[in-house]
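Peer 1: Starting off with a structure, shown below.
The values are calculated or read from the model by the stated rules, or taken from the named source; none is laboratory data. Keep in mind it's a predicted model, so treat the numbers as computed, not measured. With ideal geometry, Cβ positions are generated from the backbone for all residues, glycine too; neighbour counts draw on all protein chains shown. Surface accessibility is based on the protein's heavy atoms, side chains included, excluding ligands, DNA and RNA. Shrake-Rupley method; radii C 1.70, N 1.55, O 1.52, S 1.80 Å.
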Amino acid sequence: MHPGVLRGTAYGSARAIKACDVIERLRVAASGKKWLKLCHGATFALETLPSVLGRPFERYMMFILPILLMVRDGTADMRELAEDAVRAIMGNMSGYGVKLILQDTGSTGNEIDS
């Protein structure tokens, strides 16, 4: 299936999904290393949910970041998808949301990677 079709489906799903347990379902789908298309679709959904739902979605970031780290451990293609998702998520976050993530990771944001 073409990545554009998967991404379009993910946008449609992101608009339709507002029920509970969505994050858990995406986690299960993303952990399915056996079904790579399902994993791709879950990663696209994780990328599009924050841009569609906006700032109210920030409270779910603590649940999404571990999923993206898990997906990132896969193939080079999956690493690229996870990095795209993180870029999209961080691009839509407020300063408060970034502060929440830094608190969760134990970082102050002042460290420089060496």
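Peer 1: Somewhere in segment 65-76, is a residue among the small types (Gly, Ala, Ser) and within 18 Å of PRO3 (Cβ to Cβ)?
Peer 2: Checking segment 65-76: at least one residue is among the small types (Gly, Ala, Ser) and within 18 Å of PRO3 (Cβ to Cβ).
Each row is one residue, and each column tells you yes or no for (1) part of a helix (DSSP H, G or I); (2) modelled with pLDDT of 75 or more; (3) open to solvent by 20 Å² or more (accessible area, probe 1.4 Å); (4) not aromatic (Phe, Trp, Tyr).
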site	(1), (2), (3), (4)
LEU6	yes, no, yes, yes
ALA10	yes, no, no, yes
ALA14	yes, no, no, yes
VAL28	yes, yes, yes, yes
ALA42	yes, yes, no, yes
THR48	yes, yes, no, yes
MET70	yes, yes, yes, yes
ASP77	yes, yes, yes, yes
ALA82	yes, yes, no, yes
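Peer 1: Give the residues of segment 85-101 that are in a helix (DSSP H, G or I), surrounded by 14 or more Cβ atoms within 10 Å (Cβ to Cβ) and more than 9 Å from the chain's Cα centre (by Cα), sorted by residue number.
Peer 2: Selection gives GLY97, VAL98, LEU100, ILE101.
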